[in-house]
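First comes the structure, then the notes that go with it.
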Amino acid sequence: MFAISVKETAINQRIDQHGKTVGLLFPLMKDEYVPRESKVVICNIMLRPILMHGCEAWKLNMNYERKIQADETRVLRLIIISVTCRDRLRNKNIRGELGVKGILQHARDHPHPVLLL
């Protein structure tokens, strides 16, 4: 059996906390009467820091990169109400429509960048 390192546990905790927060904000993010710009601000100011807290110490492999991108994409698809996974829209198209930079790109541009493999 493999031992889980402290860093992997920290990354999993961040992903879990992000998912819980998105669950609490789900009604607000799905509400069609809340402006899209407000939802993007909530995503950038509240949700992204929850997911990226402590990212300076992470050494990400492809598995964790996919998990982090999937969490981010789930939120961005909530913001665009009419988009589901079945619509087959690329993540970069969704980010472009919302004017949001990808979370891994944001991590690389951080003053203390994430260690990426």
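Overview of results
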item	result
Residue ID - nearest to Leu24 (Cα to Cα), chosen from residues in segment 55-66 that are modelled with pLDDT of 70 or more and surrounded by fewer than 16 Cβ atoms within 10 Å (Cβ to Cβ)	Arg66
Residue selected from segment 107-117 under the condition surrounded by fewer than 17 Cβ atoms within 10 Å (Cβ to Cβ) and at pLDDT 70 or above, by the criterion nearest to Lys67 (Cα to Cα)	Arg108
Residue in segment 4-20 that is modelled with pLDDT under 80, charged (D, E, K, R), out of contact with any Ser or Thr (no Cβ under 8 Å at 6 or more places or on another chain) and assigned to a helix (DSSP H, G or I) present	yes
Flag for Val40 being closer than 29 Å to Asn63 by Cβ and in contact with a Gly (Cβ under 8 Å, 6 or more places away or on another chain)	yes
Among the candidates Ile79, Ile94, residue that is among the hydrophobic types (A, V, I, L, M, F, W, C), modelled with pLDDT of 75 or more and either surrounded by fewer than 19 Cβ atoms within 10 Å (Cβ to Cβ) or closer than 18 Å to Lys20 by Cβ (or both)	Ile94
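The values are calculated or read from the model by the stated rules, or taken from the named source; none is laboratory data. Everything quoted here is computed from the prediction, not taken from an experiment. Cβ sites come from the backbone with ideal geometry, for glycine too, and all protein chains shown count toward neighbours.
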